[in-house]
Structures are given as C-alpha cells and as structure tokens.
Amino acid sequence: MRFNPALTSVFGRKMVPMSLNVETRAPVVLPDPEPLRLIDDTGRAVPVKRRQGFELPSDERLLELYRAMVVARRWDTQVTALTRQGRLATYPSALGQEATEIGSVLALEKTDWLFPTYRDSIALMTRGINPVEILSGFRGDWHSGWDPHAHRTSTQSTPLATQALHAVGMGMAAKLRGDSVATLTFVGDGATSEGDTHEAFNFAGVWQTPTVFIIQNNQFAISVPLAKQTRARTLADRAIGYGVPGYYVDGNDAAAVHAIVTAALDRARSGDGPTIIECVTYRIEAHTNSDDPSRYRSSSDVTEWKSRDPLERLEKYLVSQKMLTDAVRESINTDAEKMAELTRDEMNAEVSHDPMELFENVYAAERPGLREQRDFLAAEIAAEAAAAVGSGVAS
Ligand SMILES: Cc1ncc(C[n+]2csc(CCOP(=O)(O)OP(=O)(O)O)c2C)c(N)n1
C-alpha cells in the first residue's frame, strides 16, 4: 500500500495519509469507486495498472487460501446440515463469503487479535480454533467454547458492532504498552448503522489505534437491503470522514482481500493507525436457519451471485498456473472431509451441563441479585428432583 508522506501534515495538523492514483499521481481522498480486484471473475490476473498498487500474493499463498476456503465451505455446509438435524439451535452461514473471511484471517499474525461476529465461524476455524468449541454457543451452551487468550480471538459478538469497540480498546492497550500487535474486526453492512460503529471508527481515527475494520458487505441485514441502510456511494467512503484510509474491495476475490488486509495490518503494527476496508460480497444462504430469504430477495439475484463464486474464481486461476493438480485437489478434499467428519461425530455426541454453571464467571465478585437468582434456580432444581423421587420417575 502506498501512502504519500508529504500529505500527512497540513497547517501543522496531522492529516490522513492518502494514497496516490497510480496513473495520475494525484492524491486519492475517496476510495476508488471500482472495487479493487487482483483476479477477475473469469479467474485471470488483473493487469498491473488496475491493481491500485497492490501485488498479487504468491501462487503458494493463493493455494493456501484456496485450501482453507474449500475446507471452510465443506465445514459450513456440514454445520448447516447439523442445524437441520436439530443438533444446533442456530447457525449463521458464511457460504459465499469465504474470500473475505479467509483472505482476512490468514493475513493475521498469531500475536494479533481477532474480534469476530456470529457470522465469522469459518474465520475462527481457519484461525485454528477447535470446530466443536466454536459451535458450543450455537448449540446453546452459556460460556464461550474456547479460551480467547490462547487463540487471541474474542468470543463471537451477537449484539451488533460491539466487537468493533472491543477491537479498538484492545488496539489502544497494545499501543500504550508498545506491543507490535494489530487488531482486526468484522462488521456487517447493517451493523455500520449502529452508533457503536461510529464510535469505534472515530476513536480509532483520533487515537490512531492499530485496528483494521473489515466491513463485510453481504448486501443484507436479515431482510433489509443495503439501499435502506445508507445513501452513500459505498460504505468505504465513510473512512475519509474519520480521517482514516478507506478501501473498496471485491470481497469475492481472495487475492485482493488478502493483499489489502496484509498491507493494512502491517501499517497498523508499524504504528500508522487504522484502516477501513469494505469487502463487497453476498450471503448465499439464509441469514440463519430461522430466516426465509425468498420473502425479500429474488432467486435470480442469488443465481447471479453464485456465478461469481469466490472458490471457482481462485480455482480457475490456480489451474491456469498449474498449481492445482489432481493430487493437490484430492488432498484438499480429504482435509475438508476429515474436518466435516470430526465435527459431525463430535456434535452427534450428547452433552450434559450443570445448569448452576450459568452463574459462574459472570462478575469477579458475587453480587446480591445474582446470588438470589442462583438460589432460586437451585431450589427449583431440588424441588423438581424431590418430586421426581416422590413419583418414582427418578428410579
Ligand atoms: C444491537 C443489535 N440490534 C439488533 C440485533 C438483531 N440482529 C441480529 S443480526 C441483524 C442483522 C445484521 O446484519 P449485518 O450487520 O449486515 O450482518 P450479517 O448478519 O448480514 O452478517 C440484526 C438486526 C442485534 N443482534 N444487535
């Protein structure tokens, strides 16, 4: 990513580092209205002059992205099936969004922090978190399934945009400590209308926190289309209002997402502040298993977006580069099937929890209200157990 250092100070005030137009060398204030693409819909590399100064990742890296995307899609399909079998209460699928999810998460270093939403389970799996631990919340368990510190990955936020503030806060802490750590967070297109998103963008801009915001624009907030969310040309355009560099990216091009997120994370770790990146993509499945998308979008739209499939695009490119041989393809499919099988087996096993655990780890010190609720539940459980013994049910 090229920023013009000459533009960083005007009238003694620190200004947003702006990029330069590759051809005219003029400063670019608003993101390019044409989404950044490095590999086009047909699987061909975009000419260098249209790459906005970004380089195509190496073929080895692209193969790694492809492998992770295939595993993620197989896993996502498996989890949706488990939901239909009643093994999970709910699951928000990211099918069709693999390039944004995987392209972003594979740009992170182990030392960086990730702040995901409910949509981003495939990113968590790619980060190395056990799939069963990821699904514990969707299964209805009350605590996060994994240790956030061990994976430097917070729990999945369901209250929209709250994770963006957490990412900024963690970024600020890293900055104050002098740690070379970046934080990355996903925000849905609908969640950009939340006040929390504004606060996160603004605080990050003012304090130059090492935070990368990925606006994952999958076109809908449940049934609400983007046109009812904003009148702005793009969501990335907002960046300039916060004094933060903004980029508008084809979110179905894993190469472009990966290149730009890698550059933005490098900037963040080097102390050059936040970046806002809008990735344009599409949610192919329903919002969750409780949603009927046929009520608010046409099947022709879905068909149209399926023709821009992120996996097929990268596959075509890798085949043209002779990177995707039959043997490689087979090993990728084997990995994907293993992950699906492991998840299926573990999720089909029954789990039982002590309901009293609900009250653990809520506050550092016990509070009277919570104690009252705990005692109430304990008495209710004891009464039920006594009644069961009395009626002979328990034996
Ligand atoms: C603060 C808050 N308000 C409302 C909701 C209910 N809700 C859950 S998902 C959703 C739509 C979010 O859409 P978007 O941000 O575009 O993300 P997507 O689900 O498409 O990934 C809404 C309104 C919520 N979870 N949190």
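Derivation of every value follows stated rules applied to the coordinates shown; laboratory data play no part. Because the structure is predicted, anything quoted here is derived from the model rather than measured. Don't worry about glycine lacking a Cβ; one is built from the backbone with ideal geometry, like all the others, and counts go over all protein chains shown.
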> What is the extension gain from S307 to E372, computed as 0.36 nm multiplied by their sequence separation minus the C-alpha to C-alpha distance, in nm to one decimal?
Replying inline: 17.8 nm
> Remind me, relative contact order of the chain in percent, using alpha carbon pairs under 8 angstrom and six or more residues apart?
Replying inline: 22
> In whole Hz, what ³J(HN,Hα) sequence does region 228-245 give by Karplus (6.51, -1.76, 1.60; θ = phi - 60°), x for Gly and Pro?
Replying inline: 8, 9, 7, 9, 5, 4, 9, 6, 5, 4, 4, 3, 4, x, 9, x, 10, x
> Cα-based Rg of region 60-194 per 2.2 N^0.38 Å, rounded to two decimals?
Replying inline: 1.05
> Going toward the positive end of the dipole of region 107-220, with +1 on Lys and Arg Cβ and -1 on Asp and Glu Cβ, which of A173, F201, F220 do you reach last?
Replying inline: A173
> Hey, with R₀ at 41 Å, roughly what FRET efficiency would R231 and V48 work out to, going by the Cβ-Cβ distance, to 0.05?
Replying inline: 0.75
>> Please compute, for the alpha-carbon atoms of region 118-238, the extent along each of the three principal axes and give them in descending order in Å.
In response: 40, 40, 22
>> Report D for region 335-395 in µm² per second (integer): Stokes-Einstein, Kirkwood Rh on Cα pairs, 25 °C, 0.890 mPa s.
In response: 162
> Once the Cα gyration tensor of region 251-388 is diagonalised, what are the square roots of 5 times its eigenvalues, in whole Å and ordered largest first, as equivalent ellipsoid semi-axes?
Replying inline: 45, 25, 20
> In what sequence do S294, S223, S154, S144 fall when counting other Cβ within 10 Å, fewest first?
Replying inline: S294, S223, S144, S154
> If we count other beta carbons within 10 Å of each Cβ, what is the order of S299, S352, fewest first?
Replying inline: S352, S299
> Length gain on complete extension for the stretch E337 to E34, per 0.36 nm per residue less the alpha carbon to alpha carbon distance?
Replying inline: 105.4 nm
> Stretch N361-Q321 to full length: gain in nm at 0.36 nm per residue minus the Cα-Cα span?
Replying inline: 9.2 nm
> Can you give the convex hull volume per residue for the Cα atoms of region 142-184, as a whole number of Å³?
Replying inline: 76
> Mean shadow of region 280-335, computed from the convex hull of its alpha carbons, in nm²?
Replying inline: 5.6
> Summing -39500 (n - 2.57) over the DSSP H runs of n ≥ 4 in the chain and dividing by its residue number, what mean residue ellipticity at 222 nm do you reach, to the nearest 500 deg cm²/dmol?
Replying inline: -13500 deg cm²/dmol
> How many nm is it between the label spots at A150 and E350, if each spot is 7 Å from the Cα in line with the beta carbon?
Replying inline: 2.7
>> Applying a 10 Å radius around every beta-carbon, put 94-101, 310-317 in order of their mean neighbour count, most first.
In response: 94-101, 310-317
> Which of the helices in the chain meet the span-like rule: DSSP H, Cα axial reach of 30 Å or more, Kyte-Doolittle mean at least -0.5?
Replying inline: 59-84, 368-391
> Percentage of Cα-Cα pair distances in the chain greater than 38 Å, rounded to whole percent?
Replying inline: 24
>> Counting other beta carbons within 10 Å of each residue's own, what order do D120, D266, D237 fall into, fewest first?
In response: D266, D237, D120
> Beyond 21 Å, what percent of the Cα pairs of region 187-267 remain?
Replying inline: 28
